[in-house]
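Asker: One structure coming up, written as C-alpha cells, with questions to follow.
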Amino acid sequence: MSNALTAHMAARTSINISLSMGLLAGMAGLILMPNDSFACACGCGVFDVSTSSMLPTHEGGMAWIEYDFMNQDKNWSGASRAPGANNDDKDIKTDFITLGAQYMFNRAWGAEVEIPYWDRHFTTDTTGMGDIQGFNHSAVGDVRVKGIYSGFSGDMSTGITFGFKLPTGDYTYQNFDRDTDIGSGSTDVLLGAYHQGYLAGQFNWFARGEVDLPFLIRSGYRPGDEVDATVGTYYNGWMVGNVKIAPLAQITDSYRLHDRGIAANPQNSGYERVLLSPGVEVDASGFKIFADVGVPVYQRVKGNQLTAPELFTLNISHSF
C-alpha cells in the first residue's frame, strides 16, 4: 500500500472518530441538559416563616394544623407578566397541610417539628407541541426539625432557631420535574431569628427570618439557597367578651438563588418576591385562629416562571 493511500485512510479514520465522538457528546448533552419546560421553583418556603402566633411566649407546648393554598397560573419573566406561550408549564396548584408542634422545656430552650403534606396538580405541555396534560400527586413533604433558644431576655421576646429540613418528601414522581416535586431530595440547614415587641398604643410588632441552605443533595439537583423574612404589626386592644381579635398586616420578602445540578434548570429558577399580607388572629381559651391572604407587590424572576396572584393561609393552634 502506498504511503499516500495509507495517509488518506488514516485521515479518514480520524475524521470518522471525531464525528462519532462529537455525536456522542451531543447526545450526552441532550440527555443531561435541563429541559426548557421545567417548572419554576415554587417558593413554598414562604409558608415556613410564621407570624407572631407561632412565636414562643411561655413554657410548655403548642400544637397546630395549618392549611395553605397557592395556584401558580401566571407566567412571569423579569419583573413583569409574560405571555403564557413562553412557558410550557401552565399551572401548579397546591394544597399544603402542615402538622406542627413546639415545646419550650423552660424559658430559654425548646424544640419544634413540622410535618407537611402536599396535594399538587401540575399542568404542562409535555412535548412543547401543544400536548397539554395534567398530573396529580400527593405525598408527605420535607419534615423540618428545629431547636429554639429564647433566653436573651426574661420575656422571651427575642430568639434564634436552628435545625434541618430532612429529605422525607417524594422527589421521584416521574411526571413532575425536580423543582416541581413535593420533596427536594436535599438535606438543608435552617437558621433563623425572631423578635417581637411593643410599638405604640395598642400596637405590637414582630419580625422573623430564616435562611435555608441545602448541603446534601440527591440525583443531581441542588435547590437554590433561600432567605425568607417577615415584619408585621398587629392591634392588641380589641376584645369581644373573653375573645381577643387582632387585625394585623405583614410584609414578607423571599429571595432565592437559582437551582444547580444536571437535573436543575438554572436559566428558569431563582427569584425575589415581596408579599403584603393583611390578616386577623382570634385568641380564645388557649386556641388561636390565624388567617391571611398574601398578595405580591413586587416580584422578579429569572427566565420564565409560574407565579401565584395570591397565597392563602389558615392556622389553628392550641397551647398547653
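Asker: Put a dot 7 Å past each Cα toward the Cβ at VAL240 and THR126; how far apart are the dots in nm?
Answerer: Label-label distance for THR126 and VAL240, simple model: 5.0 nm.
Asker: Something else about it: Measure out, as a whole number of angstrom, how far apart the alpha-carbon centroids of segment 78-145 and segment 259-302 sit.
Answerer: Here the two parts' Cα centres lie 11 Å apart.
Asker: Carbon and sulfur atoms: what percent of the 1.4 Å accessible area of segment 101-161 do they account for?
Answerer: Values: 1730 of 2810 Å².
Carbon-and-sulfur percentage of accessible area, whole number: 62.
Asker: Accessible area per residue, 1.4 Å probe, Å², for segment 191-246: what's the number? The partial results should precede the final answer.
Answerer: Details: 2860 Å² over 56 residues.
Value returned for segment 191-246: 51 Å² of accessible area per residue.
Asker: While we're looking at this one, here's another question. PRE reach from ILE262 (point 7 Å along Cα→Cβ): which of segment 172-192 fall under 18 Å by backbone N?
Answerer: Taking a point 7 Å out along Cα→Cβ of ILE262, the residues of segment 172-192 whose backbone N falls under 18 Å are 172, 177-179, 185-186.
Asker: With a 1.4 Å probe and all protein chains left in place, how much accessible area per residue does segment 254-320 have, in Å²?
Answerer: 44 Å²
Asker: Quantify, in whole percent, the carbon and sulfur part of the accessible surface of segment 202-276 (1.4 Å probe; protein heavy atoms only).
Answerer: Roughly 63 percent, rounded to a whole number.
Asker: In the neighborhood of THR230, defined by Cβ-to-Cβ distances under 10 Å, what is the net charge if each Lys or Arg adds +1 and each Asp or Glu adds -1?
Answerer: -2
Asker: Can you tell me the accessible area per residue over segment 84-183, all protein chains present, probe 1.4 angstrom, in square angstrom? Show your work: numbers first, answer last.
Answerer: Details: 4450 Å² over 100 residues.
Value returned for segment 84-183: 45 Å² of accessible area per residue.
Asker: Using the Cβ atoms and a cut-off under 14 Å, what net charge is assigned to the surroundings of TYR103, where Lys and Arg are +1 and Asp and Glu are -1? Don't jump to the answer; show the numbers that get you there.
Answerer: Values: positive: ARG107, LYS146; negative: GLU59, GLU112, GLU114.
Charge balance in the 14 Å sphere: -1.
Asker: Work through the residues other than VAL282 whose Cβ is under 10 Å from its Cβ and net out their charges, Lys, Arg +1 and Asp, Glu -1. Before the final figure, lay out each step's value.
Answerer: Values: positive: LYS244, LYS288; negative: GLU281, ASP283.
Once all neighbours under 10 Å are counted, the net charge is 0.
Asker: Which ³J(HN,Hα) values in Hz, rounded to whole numbers, follow from the phi angles of segment 291-304 under the Karplus curve 6.51 cos²θ - 1.76 cosθ + 1.60, where θ = phi - 60° and Gly and Pro get x?
Answerer: 9, 8, 10, x, 10, x, 9, 7, 7, 9, 10, 8, x, 10
The values are calculated or read from the model by the stated rules, or taken from the named source; none is laboratory data. The structure displayed is predicted, hence computed values, not measured ones. Every residue, glycine as well, gets a Cβ built from its backbone with ideal geometry; the counts of neighbours run over all protein chains shown. With ligands, DNA and RNA removed, areas are computed over all heavy atoms of the protein, side chains included. Shrake-Rupley method; radii C 1.70, N 1.55, O 1.52, S 1.80 Å.
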